[in-house]
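The values are calculated or read from the model by the stated rules, or taken from the named source; none is laboratory data. Since the structure is predicted, the reported quantities are computational estimates derived from the model, not experimental observations. Don't worry about glycine lacking a Cβ; one is built from the backbone with ideal geometry, like all the others, and counts go over all protein chains shown.
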Amino acid sequence: MSEANSKVSRRRFLAGTAAGAAALTVGLRSRSPRAAQPLKIGLLVPLSGALAREGQGCKRGADLAPALLAEMGLSVTLMVADTEGNIDTSRTRAEKLIADGAQVLIGAFDSAHTIAVAQVCEQRGVPLVINIAAAPSITEQGFKTVFRNFPTAPRLVGDGLAMMKDLFKSSGVTPSKAVFLHNNDTFGQAMAAAVGKLYPTLDMPMPVVETISYDGAARDLAVEVGRAKASGADLALCVTHGEDAIKLVREMVKQRFEPKAIISPASPGMYEVQFYKTLGKYSDYCITNIPWINPKGAMSQALLKAFTKAYPDALFEMNVGFTFEAILVAAEAAKRAGSTDAQAVLAALPATNIDLHVMTGGPITFDAKGQNNNIRSAAVQNHGGRPVVVLPAEMAEMPPVFPAPGWQQRA
């Protein structure tokens, strides 16, 4: 079978654009033969615990996949397990999914949990397609069964910081000093290490005058925000998760710390539904520089239509898109292999080359370490209780607002 025939056909997909998103899914059909049986995919995500909201977003993307991928001739069956935000649980649930017949695992959102699952997959010879997890060590350990369709922390930080420079250039306003606040979990520490290493190399226009680490489970962040305000910084860089992002901004409002912007160089938290619901107008204008769903992509529009119908009150965001893509990657490999056998899928995954997908960036491919290096970030700013792409210009839904209005100047 030729590589050209194994890819999703761009010409056939785009032929339905004028007819809208419903026609797009029909255009996704491929000519290559489908595997005899559905590919059994085990999804590991935190559906309870501190990361439950993010895990639920991942599950929504997974739940939409079987029907949409069927339009492409890709057949999958999902088996879902809750990691409960626990490393040992992640490991034991991965083992059980494989024992129950999962031929590919997908997960596990948190980097530490993902490493535990990767170890199980390596021992059992079962492919692991990572939807979200950024610690560089995951693809630096020589695993042969791991394929990550998500950037490493250094790549996230590098792209996120570079996009800040684009924001300053587009607005004509540059902050004088930055303060960096970050959660001290596995992800936060990896991101902090990347910021510390990359920031001095990127010719950033202002110094980071203080770095402040905090426990995401702390009752409040009054001391940390007090230090940030006392630093005199007029830009707040943040690496957060859902709950601590809320506590951080709430405390900034309380202490009247009003930086020109609150920007995450790449982390969850500030674009999530609970952030908007809890903080209301104070959630607006926060910016997250992160890989995002391409709002102008054809496949993105098909996924958005299905998502809006299934989850009218939920947020269409990164966790949805990356989890959908991970299932796409696994299913497409099984189709090229002509088999759902784990070893056959594993042999097909290194040749993955999918140029039509939902996230920002180039084709989905993997290097010798199993890393996709073609993903790109976008600047996503909160407006009216939803995330809006404001940079790069070719994907923007509206221009960025920078500097942000003060807390008391918001409608």
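When the residues of the stretch 172-212 are narrowed to those that are of a type in the set (D, E, K, R) and in contact with a Lys or Arg (Cβ under 9 Å, 6 or more places away or on another chain), which ends up farthest from P154 (Cα to Cα)?
E210
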Residues in the stretch 151-162 that are surrounded by 18 or more Cβ atoms within 10 Å (Cβ to Cβ), assigned to a helix (DSSP H, G or I) and touching a helix residue (DSSP H, G or I) at 6+ places or on another chain (Cβ under 6 Å) total 3
Among (1) modelled with pLDDT of 95 or more; (2) not in a loop (DSSP other than H, G, I, E, B), which single condition is A192 missing? (1)
What is the residue count in the stretch 267-307 for residues that are among the β-branched types (V, I, T) and either surrounded by fewer than 24 Cβ atoms within 10 Å (Cβ to Cβ) or farther than 17 Å from L156 by Cβ (or both)? 2
Counting only residues that are crowded, with 22+ Cβ neighbours inside 10 Å and either closer than 18 Å to A62 by Cα or at pLDDT 95 or above (or both), the stretch 356-374 contains a total of 8
Being outside any strand (DSSP E or B) and either among the aliphatic types (A, V, I, L, M) or outside the structural domain of G321 (by TED's automatic domain parsing) (or both) is the filter here, so list the residues in the stretch 356-372 that pass it. L356, V358, A368
Test result for T211, touching a residue at least 12 places away in the same chain (Cβ under 8 Å), of a type in the set (S, T, N, Q) and surrounded by 21 or more Cβ atoms within 10 Å (Cβ to Cβ): no
Output for the stretch 320-355, where each listed residue is buried (at least 21 other Cβ atoms within 10 Å of the Cβ) and not in a helix (DSSP H, G or I): T340, T352
Specify the residue that is surrounded by the fewest Cβ atoms within 10 Å (Cβ to Cβ); the eligible residues are those in the stretch 26-54 that are under 24 Å from F150 (Cα atoms) and modelled with pLDDT under 95. G49
Of (1) touching a residue at least 60 places away in the same chain (Cβ under 8 Å); (2) surrounded by 15 or more Cβ atoms within 10 Å (Cβ to Cβ); (3) not charged (D, E, K, R), A217 fails just (2)
Do any strands (runs of 3 or more DSSP E) lying entirely in the stretch 206-287 carry at least 3 residues that are under 27 Å from T174 (Cβ atoms), at pLDDT 95 or above and β-branched (V, I, T), and which ones are they? 208-214
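So which residues in the stretch 69-97 are basic (K, R) and surrounded by fewer than 18 Cβ atoms within 10 Å (Cβ to Cβ)?
If the condition is that a residue be basic (K, R) and surrounded by fewer than 18 Cβ atoms within 10 Å (Cβ to Cβ), then K96 is the only one that fits.
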Looking at (1) farther than 26 Å from I354 by Cα; (2) crowded, with 19+ Cβ neighbours inside 10 Å, which is the one condition that is false for D100? (2)
Pair list, Cβ < 8 Å and 6+ apart or interchain, from the stretch 163-178 residues that are part of a helix (DSSP H, G or I) to residues that are of a type in the set (S, T, N, Q): M163/N289; M163/S377; M164/N289; F168/T174
What residue, among those in the stretch 173-189 that are at pLDDT below 95 and not polar (S, T, N, Q), is nearest to G107 (Cα to Cα)? F187
